[in-house]
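Written below as C-alpha cells is the structure these notes are about.
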Number of protein chains: 2
Amino acid sequence: MRIVQKYGGTSVGSLDRIRKTADIVEAAMKAGNEITVVVSAMSGETNRLISMAREMDESACPRELDALVATGEQVTAALLSIELQSRGVAAYSFTGAQAGFLTSSQHSRARICNIDGHRLIGHMEKGEVPVVAGFQGVDEDGNITTLGRGGSDTSAVALAIALEADCCEIYTDVDGVYTTDPRIVSAASKIERISYEEMLEFASLGAKVLQTRSVELAMRFGMPIHLRSSFEMVDGTFVTEEDKTMERAAITGVAYNRDEAKVTIQGIPDHPGIAANVFGPVADAGINVDVIVQNVSEQGHTDITFTVPRADYASTMALLKESCDKMQARNVLGDNTVAKVSIIGVGMRSHAGVAKEMFDVLAKENINIQMITTSEIKITVVVDENHVDQAVRSLHDAFGLSQSE
Amino acid sequence: MRIVQKYGGTSVGSLDRIRKTADIVEAAMKAGNEITVVVSAMSGETNRLISMAREMDESACPRELDALVATGEQVTAALLSIELQSRGVAAYSFTGAQAGFLTSSQHSRARICNIDGHRLIGHMEKGEVPVVAGFQGVDEDGNITTLGRGGSDTSAVALAIALEADCCEIYTDVDGVYTTDPRIVSAASKIERISYEEMLEFASLGAKVLQTRSVELAMRFGMPIHLRSSFEMVDGTFVTEEDKTMERAAITGVAYNRDEAKVTIQGIPDHPGIAANVFGPVADAGINVDVIVQNVSEQGHTDITFTVPRADYASTMALLKESCDKMQARNVLGDNTVAKVSIIGVGMRSHAGVAKEMFDVLAKENINIQMITTSEIKITVVVDENHVDQAVRSLHDAFGLSQSE
C-alpha cells in the first residue's frame, strides 16, 4: 500500500513523541508499505513564533508571518528524519516548496493549486521515506505561503491525492470519531466507518477531529482517510465513500454544540427582500449565521429566528436593534443560552420516521424544542443549553447507539 | 551607495536587539542608500536546534542538520522584516534559496557556486529592503545547504559582490580591529584602515573578528568591508585593498596566540624525504601543523621543530613517539606552554630592519625566542607563554602603536 501519514502537533510535541511517531512510521515501512509523512510544528512552536512577531508588530505582514511560521514544520520534519535515519530508515525532510506544493498567493490562507509529486514518488520507489513540512507551500513567485485554518490535514490529503496513495492516515490525540461525546454518554462507541458527508456534519457541529476542508477535498477525490491515534496503535475511524451495500442503522451519531445564541426579529412586513434586509448587515459584519427559521405569515407580518456563534451574539443584537426601524420590525429578541443537538446518519435516507422518533424522545424527556432544521442526513434541534446532556443521552439510547459492554 | 549589511548573532540576539538593528537599517535607508541585509540566527538558536538533533542522534545526517539549522536565520529574517515594516520601511525576508544562493552539495560545509541577485536588485531599485537569511543556500537539486565555519560573513561578502555593492558592512559586538588586544595593552587603538592581507594575518592568529574565508573572498573581488559595531554607531575598521599612496608605519599591529604547543624531533638522518616521514602521520591524523623550523645538519643528522594547536599536543606526541624508530630519530621532545607573538604590517616591505628591531626589543626584555618564522608582512616568534603579555606590550610601544591619549 502507498500511504500518506500525517502527524499533528501533539504527536510530535516533544523529542520523545517524535520517537514514538518514528516507531509507527518504521512499523509501517517494515510491513512493506510505501510511506510519505506530513508533519505539523511541535505543539506550542507556532504560538511561540507568532507571539515573537506580535511583540514586534501586532499587525505583522502575512508574508513575513508565513515565512516565520513555516520554520516550525521544517524543524519537525528534520528532527523526525534524523530519528528515522538513526534506525536505518532512509528518510529525507522537505519543506512545502521542496515537496512541490504550489499555492495561491494569499498569505496565511493560501489554497493549494498544484502538487508536483514526482520527487517524493522517486524516493518512495527507492524504499525511502519523504518527511514533508505540512501546512505550507510556495506561490508562483517563490514566496513561502501557509494554508491557514484547516491547512495541515488538508496538505496531507492533497498530497495523498497527488501521490495516488491508497489511504491518508491522520494521526492525532484522539482515536477516532465517536457516536457521541463520551464525556456525556459513557456508552458512546467508536465509529468504525463513516461517510464523508456524515463526517462533514460532525465537523460542522464542532466535533474537531478532522478539519472540514480536508474532508471536502478527500470526498471530491474519493481519498479514504483513516483517522487514528498516535498514542495507541488501534484502528481508528475510516472516513470513506458511503458503503451502499451495507444495511445501516438509521443514525450514525449524535452531535451537539453549546456555542450558540438565538436571535428573533418579530413582526416584520412579509414581502420580498426582507431576508436580505435582515441578513445583509449581519453578513457585512462577518458574522456566520447558522440555523434560520421563518414562521408563516400572520396578517402580512412574520417572525425570523436564527442562530449565531455565542461570541457574535452581542454585536448581532446591537446591529439588529440599530436597523430595527429600517426593517420596520416590531421587536428584536435574543437568547444566548441555547444549544444545538443533531442526529446524523446517511441511514435516515432509507429509514422513515426518524424525525418523528427524535421529537418523541425529546417530548418524553420534557425537553422543549425551540427550532428545527433538517438536511438529507441530519436533523438539528435548538434547545435550552441546560437540556443538552439529557437530550444527547436519550437520543443516543433511543437510536440504539449505546453499547452494552 | 549600495550596501550589504550583515548582522551577527549578538546583533539580533533578542527582539530588543532586532529593534536596534532596524534603527541602523532605517537610518541607512533614510540617508539615501540601497540596502540589502544579511542576518545570522539569534544567538543561542543554532545551538538549541543542534542539541535537539544530537539528542535524537549524536551523528545526525548533515542534510537534515542543514534543513534544521537553516530555520534559525529564516526566523531572524522574518522578524527583522516585520520590525522594519512597522516603521514604514518596505522589507521582504528571503531564505538563502529564495535569495538565489546556489551552492555545492557538501552539507554543513557547502561552497557558494553562484548567486542570482536579480530579484534582490529589483527590490532595492524600488526602494525596498531585502532581508536575507545568511549562512545558507540550496544545491542544484534544491536541497538546503549551509556554508559551515565562516559561512555567515562569507555569504554577506559574496552577496555584496553579486549585487555589485559599494561596500559590505559587517556588524558585530566589537567596533573594529585593534593594534593589539586592549586587555593586554590599554593604549591599543582601533585601526581605521587595514589591508586584506594584514586582516588575514590577524585572523590566522586567532583575532576572531572577521572570518578568514570572507576576507579571502573580499580580497579576490576587491570588495571593501567595513567591520563595525551594532551596539555603538561609530566608524569601525575598513578592510580594503592596500593603499599604496600613503606613507605607512612599519607595522600595523601586534597579535598573539596562546593556543600553541611545540614538538621537537631530535637527531633524524638528514636526507630527502624525512619531512614527509615526520609530517605524513600528523597530517593523516588531521592535525594542523603551523610554524616549522629545521635546523642545519650536523654530522648527517638534523632537528625539526614545529607547533600544533594545544588541543592536539598529546595525540601528536603519541603519534611521533610511536614512529620514532621508523624515523630513525634519537628523541622526541615537547612543550605545551609556548605561545606565538607576531608583528604584522604591509609597511615592513618598505622598512628595513623591522625584524632586527623586534629581536632587540625582546632581548632587552630578556625574553628568549624559541622559534622564528617570517612572511612578507609578518614576523612571528615562539616564546614561553608566560612572556606573552610583556612581549606584546613592549613591541606595541617600541613600534609606536601606543597612543598617548
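Any read-out appearing in this document is the output of simple, stated calculations on the displayed coordinates, not a laboratory observation. Keep in mind it's a predicted model, so treat the numbers as computed, not measured. Methodologically, a virtual Cβ is constructed for each residue, glycine included, from the backbone with ideal geometry; neighbour enumeration extends over all protein chains shown.
Figures for the structure shown
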{"quantity": "Exercise: per-residue mean of other protein chain Cβ atoms within 10 Å, A:138-146", "calculated": "2"}
{"quantity": "Residue B:230 long-range amide H proximity, modeled H, under 5 Å", "calculated": "B:172"}
{"quantity": "In degrees, nearest ten, helix B:45-56 long axis to first principal axis of chain B (Cα)", "calculated": "70 degrees"}
{"quantity": "Mean separation of Cα contacts under 8 Å (6+ apart) over length of chain A, as relative contact order %", "calculated": "14 percent"}
{"quantity": "Chain A residue with Cβ closest to the axis mapping A onto B, distance in whole Å", "calculated": "A:71, 2"}
{"quantity": "Net charge of neighbours whose Cβ lies under 11 Å from the Cβ of residue B:224, counting Lys and Arg as +1 and Asp and Glu as -1", "calculated": "-2"}
{"quantity": "Cα centroid separation, the stretch B:91-162 to the stretch B:373-390 (Å)", "calculated": "39 Å"}
{"quantity": "Entries of B:262/B:356; B:244/B:364; A:20/A:340; A:190/A:378; B:6/B:126 with Cα pairs more than 27 Å apart", "calculated": "B:244/B:364; A:20/A:340"}
{"quantity": "Inter-label distance for residue B:325 and residue B:51, nm, one decimal - labels placed 7 Å from Cα along Cα-to-Cβ", "calculated": "4.8 nm"}
{"quantity": "Order of B:61, A:167 under a 10 Å beta carbon neighbour criterion, fewest first", "calculated": "A:167, B:61"}
{"quantity": "Integer Hz, Karplus 6.51/-1.76/1.60 couplings in order for the stretch A:73-87, x for Gly and Pro", "calculated": "5, 4, 4, 4, 4, 5, 5, 5, 4, 4, 5, 5, 4, 5, 9"}
{"quantity": "Ranked A:12, B:39, B:25, B:346, criterion: other C-beta atoms within 10 Å, fewest first", "calculated": "B:346, B:25, A:12, B:39"}
{"quantity": "Long-range HN-HN contacts of residue B:261 with modeled amide H, under 5 Å", "calculated": "B:308, B:310"}
{"quantity": "Solvent-free Debye scattering, log10 I(q)/I(0), computed from the Cα coordinates of the stretch B:253-398 at q = 0.16, 0.17, 0.20 Å⁻¹", "calculated": "-0.88, -0.96, -1.16"}
{"quantity": "In degrees, nearest ten, helix A:313-322 long axis to first principal axis of chain A (Cα)", "calculated": "50 degrees"}
{"quantity": "Max mean-square fluctuation residue, GNM over chain A, Cα-Cα springs under 10 Å, options A:170, A:274, A:343", "calculated": "A:274"}
{"quantity": "Simple Cβ-charge dipole of the stretch A:253-398, Lys/Arg +1 and Asp/Glu -1, about Cα centre, in debye nearest 20", "calculated": "140 debye"}
{"quantity": "Exam field: residue B:234 pseudo-label spacings to other copies (7 Å along Cα-Cβ), nanometres", "calculated": "7.2"}
{"quantity": "Number of partner chain Cβ atoms within 10 Å, mean per residue of A:94-101", "calculated": "3"}
{"quantity": "All Cα pairs of chain B, percent lying beyond 34 Å", "calculated": "41 percent"}
{"quantity": "Prolate/oblate/rounded label for the stretch B:2-173 (Cα gyration tensor, a/c 1.5)", "calculated": "oblate"}
{"quantity": "Between 0 and 90°, nearest 10: helix A:274-284 axis offset from chain A longest Cα axis", "calculated": "40 degrees"}
{"quantity": "7 Å along Cα→Cβ, label-point gaps from residue B:186 to other copies, nm, shortest first", "calculated": "8.0"}
{"quantity": "7 Å along Cα→Cβ, label-point gaps from residue A:321 to other copies, nm, shortest first", "calculated": "9.3"}
{"quantity": "Stokes-Einstein diffusion coefficient of the protein assembly as shown, Kirkwood radius over Cα pairs, 4 °C, 1.567 mPa s, in µm²/s", "calculated": "41 µm²/s"}
{"quantity": "Förster-model FRET efficiency, 22 Å R0, residue B:375 and residue B:184, C-beta, rounded to 0.05", "calculated": "0.45"}
{"quantity": "HN-Hα J in Hz across the stretch B:370-378 - Karplus 6.51, -1.76, 1.60, θ = phi - 60°, x for Gly and Pro", "calculated": "8, 8, 9, 9, 9, 10, 4, 10, 8"}
{"quantity": "Residue order, fewest to most surrounding Cβ atoms within 10 angstrom, among B:306, B:231, B:399", "calculated": "B:231, B:306, B:399"}
{"quantity": "Per residue Cα convex hull volume in Å³ - calculated over the stretch A:171-283", "calculated": "189 Å³"}
{"quantity": "Chain B: most fluctuating residue of B:109, B:87, B:258 per GNM, C-alpha cutoff 10 Å", "calculated": "B:87"}
